[in-house]
Amino acid sequence: MNQRIWIATALALTLTAPAAAWAGGKDIFLDKGCNNCHSISTQGIEGGNPDAPDLAAVGSRQDAEFLSGFLRKKSAKPDGTMHMIKFAGTKEEYVELIDWLMSLK
Ligand code: HEC
């Protein structure tokens, strides 16, 4: 490849990569394997566990404070149900993921 084309291509990739690689909460959801269990019908996500609720409108059922405890297995639902897995990731990812879940209404 001619060097000038190579530089132009590398520059174009650098400029477009961050936006393309970081779509936020949805990426984190997929990255952490939440979709192994949960569907989100409005987001084109098909989960694999019929016991896991579709999260399409989770933002109208729950609030951020509840999710923050529940997904780290720090708190249970009123009926005592704990989440099946404990979120593993950074605090930034956790905040981003919960913000995104809360936007699903
Ligand atoms: C091994 C399967 C499994 C995985 C993986 C999983 N979940 Fe769940 N999740 C469940 C089940 C089952 C429930 C239902 C428990 C209940 O609320 O009674 C649930 C409940 C929830 C709820 C509450 C839904 C509601 O309607 O109140 C949220 C939010 C949630 N999960 C988010 C996540 C996120 C985010 C991830 C990824 C970090 C994830 N889950 C990974 C099985 C799973």
Query raised in the report: Using modelled backbone amide H atoms (1.01 Å from N, in-plane), which distant-in-sequence or interchain residues come within less than 5 Å of ILE45's amide H?
Result: ILE40
Query raised in the report: Which lysines have a Cα lying under 17 Å from the Cα of LYS74, excluding residues fewer than 8 positions away in the same chain?
Result: LYS86, LYS91
Query raised in the report: How much accessible surface area, in Å² rounded to 10, belongs to the heavy atoms of LEU71 with a 1.4 Å probe?
Result: 30
Report summary line: So the carbon and sulfur contribution to the accessible area of the range 23-102, 1.4 Å probe, in percent, is 51
Query raised in the report: Considering only the other residues whose Cβ falls under 14 Å of the Cβ of LEU30, what net charge follows from Lys and Arg at +1 and Asp and Glu at -1?
Result: -3
Query raised in the report: If you bin every alpha carbon distance in the range 23-102 into 10 Å steps from zero, what whole percent lands in each bin?
Result: 18, 58, 24, 0
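The values are calculated or read from the model by the stated rules, or taken from the named source; none is laboratory data. Given the structure is predicted, the values throughout are model-derived calculations rather than measurements. Positions of Cβ are generated from backbone atoms using ideal geometry, with glycine treated the same way; all protein chains shown enter the neighbour counts. For accessibility, only protein heavy atoms count, side chains too; no ligands or nucleic acids. Shrake-Rupley method; radii C 1.70, N 1.55, O 1.52, S 1.80 Å.
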